[in-house]
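Only one structure is covered here, and it is reproduced in the block below.
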Amino acid sequence: MKITLNKLFFLFLAINSLTVVAQETFSDNFSSVSYANNNGSQNWSSNWVEYNDNNDPSSGYIRITGSELYFYYIWTENIRRSVDLSSYSSASLSFDWRTWSLESGETLAIEISSDGFSFTTLNTFSGSQSGTFDQDITAYMSNNTTIRFSKGNNDWSNSNDRAYIDNVTITTTSIPATDTDSDGIIDVVDLDDDNDGITDEEEYCTAIKASFLTSSDVGERSVVINHTDTGYLRIDFSSMDNSFQLDINGTTVHPSVLEFENGALDAGDEYFVFQSDGSFLNQPWVANSNGVPRLRLVVNEFGEIALYGSRNTSSTSLELMQAQGGTPFNTITWTPGNNNTFTLVNQQGPGPEGFTGELFASSICDTDGDGISNHLDLDSDNDGLFDLMESGALDQTGVADMNNDGIIDGATSGSGANGLFDLIEDNDTDYALFSYVILDSDADGNYDSFALDADGDGCYDTREAGYTDGNNDGILGPTPVTIDSNGLVTSGSDGYSVPADNDSNVTYDYREAGSAPTIISQPVNTTTCPGCTTNISTTVTADTFQWQYYNGATWSDLSDSAIYSGTTTNTLTITNPTPSEHNTQFRLITSNNAFVCGATTSDTATLLLRVNTVVTNRRITFRVNKN
């Protein structure tokens with residue numbers, strides 16, 4: 001598939017080498033009367049801090065008692081604690097709570113802030129109840145994520161108005177900071193993890209594409225799409241009329257319906273705006289003039305969701321978007337190895353409804369089955385040709401692999417913030433805009449780096465490149481195949497050198513479809529006499545010619561010597577044959593330089609000899625047979 005996507009959300013992992021997602025906790029179970037408890041696997045970055053109270057965990061309107069955080073008679077008092085979540089990929093907050101005698105309008109609020117100053121209320125608790133709170137707080141992760149407990153509405157009017165909090169826990173997940181190609185960009189944000197010139201996204205497999213609904217004033221409509229073993233999903237909307245919602249395996253991508261047009265908010269909708277400045281997308285129902293989508297929604301292999309938009313119809317880039325109220329996206333659970341169902345709903349509006357664009361779904365890909373996923377494999381099909389070579393990136397000015405390791409020279413210092421080598425992209429954004437076209441020599445939709453016969457001519461790339469493949473299976477060397485940690489074949493006797501260009505036309509033979517010659521006219525039996533000269537010829541266009549003769553047991557090559565000449569042309573000349581050449585069989589072997597997998601053999605032609613006519617003086621004519 002030839003599309004470009006944001007690597008931050010597109011990292012796929014080989015099935016038998018899945019990256020383990022680390023989990024850490026920041027917790028306080030209030031087991032001791034202290035605001036400095038650290039009962040999780042990691043420490044909070046601050047202690048609990050009271051405001052408008054005495055900041056004493058053993059006394060005051062807020063304090064620790066009975067292994068719980070205790071609140072009573074709250075007016076302006078509040079308590080907060082901070083944690084550094086900047087290195088994690090997701091986080092959730094949970095705690096146990098119970099309330100007692102909180103009258104109407106009296107609530108305890110849990111609030112959160114990403115900067116320690118501006119707080120958002122996540123929930124409130126009232127009455128005389130108990131329960132467990134658990135919510136995703138990924139949208140608020142920063143180096144100063146702060147949670148706060150305070151009154152939610154009215155002052156608590158009586159001294160018996162109480163609330164209790166216990167087991168406050170922030171659970172985080174993180175992806176190990178692996179940097180496979182050592183370019184300084186960790187794999188989770190690196191568009192090209194192995195620096196082979198092909199983005200990781202382009203190295204995914206088993207993709208589907210589906211088109212959407214055209215605009216029409218017919219009310220709410222939906223599209224249901226199924227795909228097996230999905231690990232990544234991308235939807236590109238070229239236009240959007242009214243709001244939409246996407247359900248994946250029974251979970252919506254967001255708690256609210258996604259609305260983009262200012263002034264069109266309906267019940268259950270939430271505005272989605274640009275994260276950087278909170279502005280709206282301009283005219284989402286009008287397609288861009290330059291092919292950049294109006295909206296792009298991406299779900300990565302961990303089920304995390306990101307939304308991008310282009311500001312106006314002439315935008316050349318996509319920018320991150322978020323819910324106006326800061327409500328985070330849900331997390332999706334993929335169904336590996338089985339069916340995943342996507343239900344895309346376009347809500348009814350006052351005018352036309354519909355959306356245009358495409359859905360792209362894919363899964364983990366290991367083309368050669370060697371246990372190394374394509375995005376980490378420098379030879380994804382084990383044919384002895386580097387993916388870098390087969391991508392065509394080496395044909396671009398300034399791109400080289402002088403040390404012949406399958407990695408772009410200088411990529412570790414010249415790949416910019418997105419991990420893709422600068423000289424093969426148009427900019428350094430979090431989604432790729434290639435400045436070259438990845439090679440698909442036979443235009444079958446399968447890149448050369450994943451095809452054993454890149455030019456589709458029936459001749460494996462290994463042979464056309466000039467490498468050894470004794471069992472002719474298209475894989476370098478014999479079986480069983482052994483590989484190194486980069487996916488390169490180590491059991492072959494050669495490979496990974498400059499591939500052959502036998503016809504010297506500056507196109508490697510494995511990229512150039514070839515064929516064996518076609519003989520237009522075959523050689524025919526020829527009669528001549530001892531001491532005479534004759535020719536045996538064919539009509540054929542070919543690069544090489546070799547005449548052979550049959551010695552009674554095998555066919556042997558002829559050379560220009562004695563009575564033979566033109567033995568490497570399409571015409572064999574026989575001069576002054578002797579009676580011993582009578583009934584000798586000849587044939588021509590022809591081939592083309594750029595096609596090493598086959599030659600064409602002509603029909604057999606037989607040389608017949610007879611002596612000249614003898615005339616006696618008695619006018620009687622005799623024909624004398626050989627010998």
Of every hundred units of 1.4 Å-probe accessible area on the chain, the number belonging to carbon and sulfur atoms, as a percent, is 47
Heads up, I need the accessible area for residue 459: 1.4 angstrom probe, whole protein in place, Å², nearest 10. 0
Leaving out ligands and nucleic acids, and using a 1.4 Å probe, what accessible area per residue does the range 307-368 come to in Å²? 38
Work out Dmax and Rg for the range 383-444 from the C-alpha atoms and quote the Rg first, both in angstrom. 12.0, 35
Only helices counted: for the chain, with every DSSP H run of 4 or more residues adding -39500 (n - 2.57) and the sum spread over all residues, [θ] at 222 nm is -500 deg cm²/dmol
Hey, can you find the accessible area per residue of the range 225-279 for me, probe 1.4 Å, expressed in square angstrom? 33
(1) 25.4, 99; (2) 32.4, 116; (3) 37.6, 156, with the label sought being that of the calculated Rg and Dmax of the Cα atoms in Å: (3)
Relative to the compact globular guide of 2.2 N^0.38 Å, what is the alpha carbon radius of gyration of the range 277-345, as a ratio? 1.31
Gain in length, residue 497 to residue 560, computed as 0.36 nm per residue apart minus the alpha-carbon separation, to one decimal in nm? 19.1 nm
From Cα pairs below 8 angstrom and at least 6 apart in sequence, can you work out the relative contact order of the chain, rounded to a whole percent? 11
Rounded to whole Hz and in sequence order, give me ³J(HN,Hα) for the range 577-592 from the Karplus expression 6.51 cos²θ - 1.76 cosθ + 1.60, θ = phi - 60°, writing x for Gly and Pro. x, 9, x, 5, 8, 4, 6, 6, 9, 10, 8, 10, 9, 10, 8, 10
With every protein chain kept in place and a 1.4 Å probe, the range 19-68 has an accessible area per residue in Å² of 50
Got a number for the accessible area of residue 527? Probe 1.4 Å, square angstrom, nearest 10. 80
In square angstrom, rounded to the nearest 10, how much accessible surface does residue 285 have for a 1.4 Å probe? 110
Would you mind calculating the relative contact order of the range 236-368 from Cα pairs under 8 angstrom and at least 6 residues apart, reporting the percent as a whole number? 33
Largest-first ranking of 587, 234 by accessible area, probe 1.4 Å, whole protein assembly kept, is 587, 234
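The values are calculated or read from the model by the stated rules, or taken from the named source; none is laboratory data. Here the structure is a predicted model, which means the values were calculated and not measured. Heads up: the accessible areas ignore ligands, DNA and RNA and are worked out on the full protein's heavy atoms, side chains in. Shrake-Rupley method; radii C 1.70, N 1.55, O 1.52, S 1.80 Å.
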